[in-house]
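Before any comments, here is the structure.
The values are calculated or read from the model by the stated rules, or taken from the named source; none is laboratory data. Being a predicted model, the structure only gives us computed values, none of them experimental. Note that we place each Cβ from the backbone using ideal geometry, even for glycine, and neighbour counts take in every protein chain shown. Note: areas computed on protein heavy atoms with side chains; ligands, DNA, RNA excluded. Shrake-Rupley method; radii C 1.70, N 1.55, O 1.52, S 1.80 Å.
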Amino acid sequence: MSGELDAALEAARLGRADGVAVLWRALNPPLERYLFALVGQSAPDVASETWLQAARDVSGFRGDAAGFRVWLFRIGRNRAIDEQRRAGRQHEDLLAELGEFAGAAPDTAVVAEERWGTDRAMALLARLPRDQAEAVLLRSVAGLDAKECGR
């Protein structure tokens, strides 16, 4: 996968949309999950802003796909901070209600268990200093290793 992302990154640097598309398909889902923990329902909008800036600036990026992922998440974090400022929020509610499911109603027991697990995890994260909570999110949600989280 890394070789494919390195090739896509090189294509993106050259201004090719197909390179950006490959990077987006691979990295947008974990980016949105990370941003959801920071800004809640605004995550898709913040992710869009992140990708716009990344696509605009990728030609100047130097590094491999792993470095790009760190760079992308840093841009996302900065856009999330901007979103929080714009909205005038000091503390964002880290949980959002489950959206409506298309088709059959979800199993109530499964929903309750997932919600409890998420609530418990978010409560534990809320007890950590903000930078430590973000590091845990980058490790568990974004899949970054410890060194990448530090960068």
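Determine which member of the set D45, D82, D93, D57 is closer than 23 Å to L128 by Cα and at pLDDT 90 or above.
Checking each option against the conditions leaves just D82.
Do we have D18 as surrounded by fewer than 16 Cβ atoms within 10 Å (Cβ to Cβ), touching a residue at least 24 places away in the same chain (Cβ under 8 Å) and not hydroxyl-bearing (S, T, Y) here?
It is false that D18 is surrounded by fewer than 16 Cβ atoms within 10 Å (Cβ to Cβ), touching a residue at least 24 places away in the same chain (Cβ under 8 Å) and not hydroxyl-bearing (S, T, Y).
Is it the case, given these coordinates, that S59 is in contact (Cβ under 8 Å) with a residue 24 or more places away in the chain and open to solvent by 40 Å² or more (accessible area, probe 1.4 Å)?
Numbers: in contact (Cβ under 8 Å) with a residue 24 or more places away in the chain: yes; open to solvent by 40 Å² or more (accessible area, probe 1.4 Å): yes.
Yes; evaluated as a whole, the condition is true for this residue.
When you go through V70, V46 one by one, which is the residue that is touching an Asp or Glu at 6+ places or on another chain (Cβ under 6 Å), free of Cβ contacts under 8 Å to residues at least 60 places away in the same chain and β-branched (V, I, T)?
Details: V70 fails: free of Cβ contacts under 8 Å to residues at least 60 places away in the same chain.
Sole residue among the options that is touching an Asp or Glu at 6+ places or on another chain (Cβ under 6 Å), free of Cβ contacts under 8 Å to residues at least 60 places away in the same chain and β-branched (V, I, T): V46.
Consider E32 carefully, then state whether it is under 15 Å from L137 (Cβ atoms) and of a type in the set (D, E).
Taking the combined requirement at face value, the residue satisfies it.
I'd like the full set of residues that are in a helix (DSSP H, G or I), loosely packed, with under 13 Cβ neighbours inside 10 Å and not aliphatic (A, V, I, L, M), limited to the range 122-151.
R130, D131, Q132, K147, G150 - these are the residues of the range 122-151 that are in a helix (DSSP H, G or I), loosely packed, with under 13 Cβ neighbours inside 10 Å and not aliphatic (A, V, I, L, M).
What number of residues in the range 1-13 are in contact (Cβ under 8 Å) with a residue 40 or more places away in the chain and loosely packed, with under 13 Cβ neighbours inside 10 Å?
The qualifying residues number 1.
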